[in-house]
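Take a look at the structure set out below.
The values are calculated or read from the model by the stated rules, or taken from the named source; none is laboratory data. What you see is a predicted model; the values in this text were computed from it and never measured. We place every Cβ from the backbone using ideal geometry, glycine too, and count neighbours over all the protein chains shown.
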Amino acid sequence: MYNVFIDGKEGTTGLQIFERLGKREDIKIISLPEELRKDPAARKEAINASDVTFLCLPDGAAKESVSLVESDKVKVIDASTAHRTNPTWAYGFAELSKAHRNKIATSNLIANPGCYASGFIALVYPLIQGGIAGKEYPFTCHAVSGYSGAGKKGIAQYEAEDRESIFDSPRLYGLTLSHKHIPEMVAQCNLAQNPIFNPYVCDYYCGMAVNVPLFTSLLNKKMSVKDLTEFYQEFYGDSHFISVGNEESGFISANVLNGTNRMELLINGNDEQLLLTARFDNLGKGASGAAVQNMNIALGLDETVGLL
């Protein structure tokens, strides 16, 4: 039996982790009464009594929680952006390489990837590692997400009975081109410059499609749709949760993997231009599902336990 504490259980990611773990017989969740939920002493006791602590908090609060750890047996999985570019932390995307997986398995400090970043990195990291694109390639990324990624306030705006009509339309944000996920995109893919990133929040609850277009003439290696599909299939061939293919219907819907920890990489386009898409649940492989997968690996369990 493993003791687990979720610091920030009331947020969307925390609630999703709680729901996933609540069905398992090998997990005992440490809970604090409502009046002690933000009490530093109570949180410190809970953290150090746990085998695994999930941090589902703003960056500053996550850093504070890490400072409360005293026991060397506690594994911390941080869902905030606070530690995703810190090289002393394991970056929690095991499918990227054996080195990533081994660091997750052996580290007490694991940074859970961001949702948009997960899709971008799943597509771009293999291109850089395989020498198909250079780190100087001028990447752009267009992405759509359900409104569950907007946090409690954003969810309330979308679900309000008297909401404004602007919420009926997809809404582009990150207009300064400095979205909080860009630093981990750059750091994990070893890029020479920031990608141009255009995220949209849309009027559906969850599900995400992250798109990276490529000019074949700017690649280091000339690749067709078939070539790139086969490349990704080989790269992720041992993965339980990542599959690779093409979309034959002519449409890519962002919400078909909701409730799972799966990610689909879809390769489309033509001889001159390629369109790479990562489709997944922003609450699954983009947040709580990935966190549980990382916990399983860190505890030496089958990574698929409790996940679809």
All positions within the range 45-65 that are surrounded by 18 or more Cβ atoms within 10 Å (Cβ to Cβ) and of a type in the set (A, V, I, L, M): Ala46, Ile47, Val52, Leu55, Leu57, Ala62
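Residue check: is Ala90 among the aliphatic types (A, V, I, L, M), closer than 30 Å to Phe231 by Cβ, touching a strand residue (DSSP E or B) at 6+ places or on another chain (Cβ under 8 Å) and not assigned by TED's automatic domain parsing to the domain that holds Leu219?
yes
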Flag if Ala187 is among the aliphatic types (A, V, I, L, M), part of a helix (DSSP H, G or I) and outside the structural domain of Asn255 (by TED's automatic domain parsing): no
So for the range 204-215 (the condition being part of a helix (DSSP H, G or I), buried (at least 20 other Cβ atoms within 10 Å of the Cβ) and within 19 Å of the chain's Cα centre (by Cα)), does at least one residue qualify? no
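Let's see how each residue does on (1) part of a strand (DSSP E or B); (2) more than 23 Å from Ile155 (Cα to Cα); (3) acidic (Asp, Glu):
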position: Glu19; (1), (2), (3): no, no, yes
position: Ile29; (1), (2), (3): yes, yes, no
position: Ser50; (1), (2), (3): no, yes, no
position: Ala105; (1), (2), (3): no, yes, no
Taking the stated definitions as given, is Ala150 within 19 Å of the chain's Cα centre (by Cα), in the same structural domain as Ile267 (by TED's automatic domain parsing), among the aliphatic types (A, V, I, L, M) and modelled with pLDDT under 95? yes
Consider Lys153 against the criteria (1) closer than 20 Å to Pro195 by Cβ; (2) without any contact (Cβ under 8 Å) to a residue 40 or more places away in the chain; (3) in a helix (DSSP H, G or I): it satisfies all of them except one. Which criterion is unmet? (1)
Every listed condition ((1) surrounded by fewer than 21 Cβ atoms within 10 Å (Cβ to Cβ); (2) small (Gly, Ala, Ser); (3) modelled with pLDDT of 95 or more) holds for Ala143 save (1)
If we keep only residues of the range 107-123 that are in a helix (DSSP H, G or I) and in contact with a strand residue (DSSP E or B) (Cβ under 8 Å, 6 or more places away or on another chain), then the residue surrounded by the most Cβ atoms within 10 Å (Cβ to Cβ) is Gly119
Let me spell it out: the conditions are (1) of a type in the set (Ser, Thr, Tyr); (2) part of a loop (DSSP other than H, G, I, E, B); (3) surrounded by 14 or more Cβ atoms within 10 Å (Cβ to Cβ), and Ser71 meets all of them except one. Which number is the exception? (3)
From the list Leu191, Leu283, Leu299, Leu266, which one is surrounded by fewer than 23 Cβ atoms within 10 Å (Cβ to Cβ), within 30 Å of Thr53 (Cα to Cα) and of a type in the set (A, V, I, L, M)? Leu299
Considering each of Ser31, Ser80, Ser71 in turn, give the residue that is of a type in the set (S, T, N, Q), in contact with a helix residue (DSSP H, G or I) (Cβ under 6 Å, 6 or more places away or on another chain) and at pLDDT below 95. Ser71
Condition test on Gly151, is it within 16 Å of Phe280 (Cα to Cα) and not polar (S, T, N, Q)? no
I'd like the full set of residues that are touching a helix residue (DSSP H, G or I) at 6+ places or on another chain (Cβ under 9 Å), hydroxyl-bearing (Ser, Thr, Tyr) and either under 30 Å from Ala160 (Cα atoms) or free of Cβ contacts under 8 Å to residues at least 24 places away in the same chain (or both), limited to the range 181-225. Tyr204, Tyr205
Give the residues of the range 229-252 that are part of a strand (DSSP E or B) and touching a Ser or Thr at 6+ places or on another chain (Cβ under 9 Å), sorted by residue number. Val244, Gly245
Has the range 254-277 got any residue that is under 24 Å from Tyr91 (Cβ atoms), of a type in the set (Val, Ile, Thr) and in a loop (DSSP other than H, G, I, E, B)? yes
